[in-house]
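Okay, so here's the structure we're looking at.
The values are calculated or read from the model by the stated rules, or taken from the named source; none is laboratory data. Every value quoted in this text rests on a predicted model; they were computed, and no experiment measured them. Cβ: placed from backbone, ideal geometry, glycine included. Neighbour counts: every protein chain shown.
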Amino acid sequence: MKNKLLLLAFAISFLANAQQYTYGIYFPDGDREDKCNAFTKVFKQKPNYVRFGVRLEDNKLYFEVNNKNWYNALFKEKGDGIAVDIVRRNRYACDKEVKPSQIRGVLLPPVYEINKPGKLKSVSRNRYRVYIGKVPSNLQKEEIEFNLLFLHNKAFCKYYTIYNLEKYPRELLDMGVYLDDITFKNKKITSNKNDIVTKYKKMTFSIPFEKDKWEYKPEDIKPLYDSLKLTDYNIKKIDINAYASVEGSSDRNFILQRQRAKSIAGSLQSFQEPSIITRISTSENWVEFFNDIKKTKHKKLVKLPKKNVKAKLINEYAANLEPILRNHRKAVVVLSLEKKDEYKTLHVDQLVTLFNKAVRADKLEEACQIQNSILDRLRDKFKPEVLKNMKIPKSKKYLRLLTKNCIFKYFVDLKQTLNVEKELLQLEKLEPNDKRLKYNLAVLKFIIWKHKARVIDRDQFKEEIIGLKNYGISKELIDKMIVNYHIIKAEEDVRKNDYKGKDSSVNYVLKSYQNLELSDFDYLSIAQFFTYYSSIYDAINTIENKVNNITVDEDLLFYYLNLTITKEELTNTEEYRTVMLNAINMNKKRFCGLYNSALNKGVTFQLLEDDFLRATYCENCSK
């Protein structure tokens, strides 16, 4: 009897402690739908533009939101509120087992009646906050994060992890401007269209290597030499990504890769006197290995840790896979080229004198070449007085020179857009049908509309864009402009609460972007557009076919990780592991940084709750 009383006393004590630990919060068990129906309905109806999170200031915690109406709809009842779960980083040490739990850390007392007048305070325009607790002194020096328990009538209805996803500025597709030909602001943008030429070009080559050798065959690198046309271009920079096949010692593989990369860099440097900036990166080619192995009877290797794969790839097993492995030993060489400049040694003041002399002598081609050299000097350090000292008569004969000097001011300084537009409109009077002027004016109007610098009649503007075909502007450039038109129109429609119009523009972009020739920079812009206005899965679908490619742009790859790394239905796949290995090869520090705390520029260290993400992190980042 005495033992029974002791057990009963222990049970009562345990329940009392549990009640204190959870502060009377009711945790539904089988009746969640009944208890949380009203809350769930409001939460699911949260508009895309509504944002909320937790802010830490002087160890005090605030719930912040940008929309009072949604906040007031969510917290209507007396028992509606928020509790904070403070989670420690040490919960996720790679040598520990992570045990699933409703509460992952230290639960703070819940805060109720947060809809009462005066509770939610305005911090700035469209930013409001309410006090929800304080970090205990014993946790203030630890690496911690803050999760939210949303409560409805004191019942636990939703556990919410705060993610710190990297932000990118939303951009238009790069339309470039006409100088001599189309020149793009973003130097990553390239095109193989005949009518689009840039002063700066990029060329990409893949050079194979034989097993355990760092010498390349002359016939494998000859196409690279043949394509350079070094009579017109110098190599400004070389990016060499050297890849080894995955079998064998990693240390040996890295030595081979660097030798391969250096041999290529040295060979290319021998072709010109100006020194070449060279960047070399090395990695084992796990990305293409896993992509290729999925199609064979050896696909089970995809699920193994890298060290286990290496242990299998020996002797006869490796020999059987040699037809696949030999394709992975290579160097991907990206050359950044710039046109040779015969005036490069002259001071800019000397060039201005030569330019004015050529103009006076009506040697317009020579003047154009000198002008290009001058403008190239001004790209990094713009000096308006230099352009003022270039004496160009205001006549149709010199329109090309006048247009280049004018649009260049916008090219280097966006704040000059309105002034440059006025100057171009004056030049248009000299030649109303000049295609360069018409195109550049359309580009400027996009910038003016996007930044709301002036009211734009968008119907009339759309007609102007379509009408550019009458002046010889290519369909490819016009189609890109029409997509940009709908990108800005969608934003304007939202401001006007015209959601039907916004949806129409989103659908147009969704149907049209695949028909455009886009750079990785443009794909990033399209994905951001869909993320903001449409289903996030439209954004994912836009770029998912590119992220398994070892030559994908780094920002595009990491943006894809931003979109997907919190979605368990995607991360727990073999394909996603390949994406992560691509990111690790490209920038291991940046990838591992995703698992830092949200307060330390990471997404969240709670990604390590996911067994698949945890395995990849511990295999590649914990050493």
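Taking the stretch 572-623 as the search range and keeping residues that are within 17 Å of residue 286 (Cβ to Cβ), of a type in the set (S, T, N, Q) and under 19 Å from the mean Cα position of the chain (by Cα), which one is modelled with the lowest pLDDT?
Looking at the filtered set, the residue picked out is 585.
Does the stretch 122-146 hold any residues that are closer than 15 Å to residue 107 by Cα, over 26 Å from the mean Cα position of the chain (by Cα) and outside any loop (DSSP other than H, G, I, E, B), and which are they?
Residues satisfying the conditions are 132, 133, 134, 137, 138, 139, 144.
Matching residues to (1) free of Cβ contacts under 8 Å to residues at least 24 places away in the same chain; (2) touching a Ser or Thr at 6+ places or on another chain (Cβ under 7 Å):
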| position | (1), (2) |
| --- | --- |
| 208 | no, no |
| 226 | yes, no |
| 237 | no, yes |
| 247 | no, no |
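Would you mention how many residues in the stretch 282-319 are in a helix (DSSP H, G or I) and closer than 24 Å to residue 242 by Cα?
Number of matching residues: 19.
Could you list, in sequence order, the residues of the stretch 353-379 that are among the β-branched types (Val, Ile, Thr) and either at pLDDT below 95 or within 13 Å of residue 401 (Cβ to Cβ) (or both)?
The answer is 359, 370, 374.
Considering (1) β-branched (Val, Ile, Thr); (2) assigned to a helix (DSSP H, G or I); (3) under 30 Å from residue 571 (Cβ atoms), say which one residue 353 fails and leave the rest.
(3)
From 376, 434, grab the single residue that is of a type outside the set (Ser, Thr, Tyr) and either within 34 Å of the chain's Cα centre (by Cα) or within 28 Å of residue 170 (Cβ to Cβ) (or both).
Exactly one of 376, 434 is of a type outside the set (Ser, Thr, Tyr) and either within 34 Å of the chain's Cα centre (by Cα) or within 28 Å of residue 170 (Cβ to Cβ) (or both), namely 376.
Evaluate the stretch 319-333: report whether one residue or more is among the small types (Gly, Ala, Ser) and without any contact (Cβ under 8 Å) to a residue 40 or more places away in the chain.
yes
Looking only at the stretch 400-414, decide whether some residue is free of Cβ contacts under 8 Å to residues at least 60 places away in the same chain, among the polar types (S, T, N, Q) and assigned to a loop (DSSP other than H, G, I, E, B).
So far as the stretch 400-414 goes, no, none of its residues is free of Cβ contacts under 8 Å to residues at least 60 places away in the same chain, among the polar types (S, T, N, Q) and assigned to a loop (DSSP other than H, G, I, E, B).
In the stretch 18-25, is there at least one residue being at pLDDT below 90, surrounded by 12 or more Cβ atoms within 10 Å (Cβ to Cβ) and under 30 Å from residue 136 (Cα atoms)?
yes
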